[in-house]
Amino acid sequence: MALGDKLGPKVFPYVVGTVAIITGIALILQDRNPAKKSKRADFGFAKHKAVWIRIALISLAGIIFGLAIDSVGYMLSTAAFMFVVSILINKNRYVQNIIIAVLFAVITYGVFAVALKLSLPRGFLEQLLPF
Amino acid sequence: MHTIFMNLAVGFQTAFTFTNIVWVFVGGILGTVIGMLPGLGPATGVAILIPITFGMNPATALITMAAVYYGAMFGGSRASIMINTPGDASAIVSCFDGYPMTKSGRAGTALAISAIASFIGGLIGMIFLIFLSQPVASAALKFGPAEMFSLMMFALVATITLSEGNLLKGLFSIALGLMLSTIGIDALSGAMRFTYGISSLQDGIDFLVIIIGVYAVTEVFKNLKSIDTVYKFDSKHIGKVWVTKDEFKQSFWPMIRNSPLGFVIGVLPGMGGTIATFMSYAMEKNLSKHPEKFGKGAIEGLAAPEAANNACSCGALVPLLTLGIPGSGTTAVMLGALMLLGVRPGPTLFTDHPEIAWGVIASMLIGNIILVIINLPLAIPLVQLLRVPQRIMLPLIMGLGLIGTYFLNYSSSDLILVIIAGVIGYLFSIMEVPLPPLVLALILGGTTEQSFRNSLVLSDGSPAIFFEKPISAAFIVLAAVSLAYALIKRKRQAAK
């Protein structure tokens with residue numbers, strides 16, 4: 001295919017990039033026209049401060065989960081992640097959240113690692129298991 | 001005619017295995033529950049359930065996903081009827097007359113007619129699907145790269161022109177999706193593009209990660225504002241989940257005439273169940289002898305959009321199965337999951353894997369019957385799930401989304417990417433930049449570029465090829481017409 005492919009890998013990204021730039025400029029120009037001005041996006045950083053803090057903390061937890069899962073092992077990292085997210089959303093119900101986190105990790109491990117035989121990261125917890 | 005029944009027989013052979021029947025049942029129930037819960041649409045449902053299709057053969061996987069999608073269409077209206085909160089966008093209309101029926105003590109009737117209408121709409125939609133898919137697939141088999149490119153351009157343009165919202169923002173969303181699709185090793189020349197020396201970008205951005213990001217993570221973020229909402233309803237006064245003969249007669253023609261409408265809307269890219277339900281509601285109100293009853297518990301005001309909605313979801317499967325082009329968020333997710341299993345829907349699906357294509361169609365006929373059975377006698381126990389608070393549901397969705405992402409490639413960098421996609425998706429939703437065009441462009445980007453380059457190879461570099469081939473020219477004209485239509489429509493709306 002590469003034989004007849006005179007265009008090479010550059011043309012398509014150029015075309016698409018040009019479209020994106022033109023659309024961007026057009027959006028700016030459209031907003032300068034007071035008649036067509038779009039509603040100002042309301043991020044509500046002040047009004048929904050609690051929501052934004054939760055989003056930031058959940059995102060952070062997700063990233064730490066990603067960095068830790070391979071070394072810590074599936075069940076422990078998943079249970080910890082679920083516990084953190086549950087505490088952030090389902091406040092002050094520690095016992096309920098611990099049950100949710102542990103059950104979630106154990107059940108998903110059972111379904112995906114044991115029943116569906118996906119090779120999930122094995123930390124020290126998983127190594128104790130007979131299967 | 002004869003071949004259609006032969007094909008259907010092949011389909012039933014696939015669908016009638018024990019495993020597949022079990023998965024239709026499980027998928028249907030999961031879909032009903034997911035569709036019912038407010039804030040969780042069918043796209044989110046299919047996205048977080050992708051991992052359960054691992055280890056399935058492609059036919060079973062597609063059958064399961066179709067059952068989830070289809071079940072969500074049955075479930076969507078349950079919440080509208082009981083608590084006046086739509087389970088997904090296509091169930092908004094079901095609140096108009098469904099909730100007034102509940103308030104006047106006819107919740108049982110409302111639940112029953114919505115299940116019956118879903119069944120009838122689905123049945124009519126499936127009949128169209130059966131007769132239409134083979135001819136469309138055969139026609140598409142003759143498409144060369146130029147036709148494919150123009151068709152994809154039309155599909156992408158239509159997703160922004162036929163839906164509501166700012167055209168420029170939609171175009172931006174498409175361009176961004178296409179740009180993301182060029183990251184990684186170029187399939188034709190082997191050149192590295194936009195990888196910046198990061199090795200995990202070499203294989204490109206896995207669109208399933210982006211899909212889970214914008215449909216699971218973003219949805220969780222969006223729902224964080226309403227975590228303390230508790231839905232209350234009185235399940236003692238639902239009454240019998242059944243309809244009388246008169247009520248059925250009253251809804252019969254509205255169901256029959258709105259199903260074809262829903263189906264056609266479903267086939268068109270960008271026009272999903274939301275538009276189908278609103279249009280059918282408006283049409284019934286216009287046709288009715290008692291338009292004043294609409295909004296106050298008119299049974300046909302509930303039956304018509306429900307039928308249109310399910311017919312629409314059958315229509316949406318036509319471009320997905322026959323052309324490999326998804327027209328909505330949910331079908332895009334289904335396409336992504338299938339590609340993961342090594343199946344590329346498109347015209348060749350019907351010739352190379354008739355057991356998959358027809359197996360799904362046959363399984364949907366079975367699923368339709370299973371779902372109406374689930375949704376009539378089990379309606380009352382199922383709606384109890386609406387009492388599960390958001391603060392328990394949301395962490396579970398987040399967890400399922402993240403572990404599902406990890407299972408795709410066992411890559412921890414995907415988990416970081418899914419969070420970034422979720423945050424960006426949330427910011428985009430606040431800025432009213434539509435996400436489905438981005439997802440569609442990201443999925444179709446690779447094929448779009450290949451067909452673009454292959455066409456220009458054929459024509460020795462002259463872009464005239466897209467206009468010289470009649471079918472290709474027709475798609476370009478269609479794209480231009482839909483763009484003009486959208487511009488005029490928005491001008492008129494602005495003038496009002």
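When A:Val72 is tested against the conditions (1) in contact (Cβ under 8 Å) with a residue 12 or more places away in the chain; (2) in contact with a helix residue (DSSP H, G or I) (Cβ under 6 Å, 6 or more places away or on another chain), the lone failure is (2). Restricting attention to the stretch A:88-97, the residues being more than 9 Å from chain B (Cβ to nearest Cβ) and closer than 22 Å to A:Ile53 by Cα number 2.
What residue, of A:Phe45, A:Phe104, is more than 30 Å from B:Ala495 (Cα to Cα), among the aromatic types (Phe, Trp, Tyr) and part of a loop (DSSP other than H, G, I, E, B)?
A:Phe45
Does A:Ser71 count as surrounded by fewer than 18 Cβ atoms within 10 Å (Cβ to Cβ), of a type in the set (Ser, Thr, Tyr) and within 11 Å of chain B (Cβ to nearest Cβ)? It is true that A:Ser71 is surrounded by fewer than 18 Cβ atoms within 10 Å (Cβ to Cβ), of a type in the set (Ser, Thr, Tyr) and within 11 Å of chain B (Cβ to nearest Cβ).
For B:Phe143, the criteria (1) away from chain A (no Cβ under 14 Å); (2) surrounded by fewer than 24 Cβ atoms within 10 Å (Cβ to Cβ); (3) part of a helix (DSSP H, G or I); (4) of a type in the set (A, V, I, L, M, F, W, C) hold in every case but one, which is (3).
Would you be able to say whether some residue in the stretch A:109-118 is closer than 19 Å to B:Ile424 by Cβ, of a type in the set (A, V, I, L, M), at the interface with chain B (Cβ under 10 Å from one of its Cβ atoms) and in a loop (DSSP other than H, G, I, E, B)? For the stretch A:109-118, residues closer than 19 Å to B:Ile424 by Cβ, of a type in the set (A, V, I, L, M), at the interface with chain B (Cβ under 10 Å from one of its Cβ atoms) and in a loop (DSSP other than H, G, I, E, B): absent.
Cβ separations smaller than 6 Å between residues 6+ apart or across chains give the following pairs from the stretch B:414-440 residues that are modelled with pLDDT of 90 or more to residues that are surrounded by fewer than 19 Cβ atoms within 10 Å (Cβ to Cβ) and of a type outside the set (Gly, Ala, Ser): B:Ile416/A:Ile63; B:Ile419/A:Ile63; B:Ile430/A:Phe43. The residues of the stretch B:408-428 that are polar (S, T, N, Q) and assigned to a loop (DSSP other than H, G, I, E, B) amount to a single one, B:Ser411.
Just the residues that are within 11 Å of chain A (Cβ to nearest Cβ) and farther than 25 Å from B:Asp206 by Cβ, please, taken from the stretch B:377-430. Matches in the stretch B:377-430: B:Pro389, B:Gln390, B:Arg391, B:Ile392, B:Met393, B:Ile430. Taking the stretch B:274-300 as the search range and keeping residues that are crowded, with 21+ Cβ neighbours inside 10 Å, among the small types (Gly, Ala, Ser) and under 23 Å from the mean Cα position of the chain (by Cα), which one is farthest from B:Met73 (Cα to Cα)? Ranking the qualifying residues of the stretch B:274-300, first place goes to B:Ser280. Counting only helices (runs of 4 or more DSSP H) that fall entirely inside the stretch B:164-235 and contain at least 1 residues that are more than 30 Å from B:Met393 (Cβ to Cβ), touching a Gly at 6+ places or on another chain (Cβ under 7 Å) and among the small types (Gly, Ala, Ser), the qualifying elements are B:167-181. Can you find, within the stretch B:361-403, the residue that is farthest from the chain's Cα centre (by Cα) among those that are modelled with pLDDT of 90 or more and of a type in the set (Val, Ile, Thr)? Taking the candidates together, the pick is B:Ile403.
Does the stretch B:279-313 hold any residues that are more than 26 Å from B:Tyr70 (Cα to Cα) and either out of contact with any Gly (no Cβ under 9 Å at 6 or more places or on another chain) or not charged (D, E, K, R) (or both), and which are they?
From the stretch B:279-313, those more than 26 Å from B:Tyr70 (Cα to Cα) are B:285-296; that's our starting set.
Answer for the stretch B:279-313, where residues must be more than 26 Å from B:Tyr70 (Cα to Cα) and either out of contact with any Gly (no Cβ under 9 Å at 6 or more places or on another chain) or not charged (D, E, K, R) (or both): B:Asn286, B:Leu287, B:Ser288, B:Lys289, B:His290, B:Pro291, B:Glu292, B:Phe294, B:Gly295, B:Lys296.
Residues in the stretch B:170-225 that are in contact (Cβ under 8 Å) with a residue 12 or more places away in the chain, more than 9 Å from chain A (Cβ to nearest Cβ) and at positive phi: 2 in all.
The values are calculated or read from the model by the stated rules, or taken from the named source; none is laboratory data. Note that the coordinates shown come from a computational prediction; the quantities given were computed from them, not determined experimentally. Neighbour counts are summed over all protein chains in view; Cβ atoms, including those assigned to glycine, are modelled from backbone coordinates with ideal geometry.
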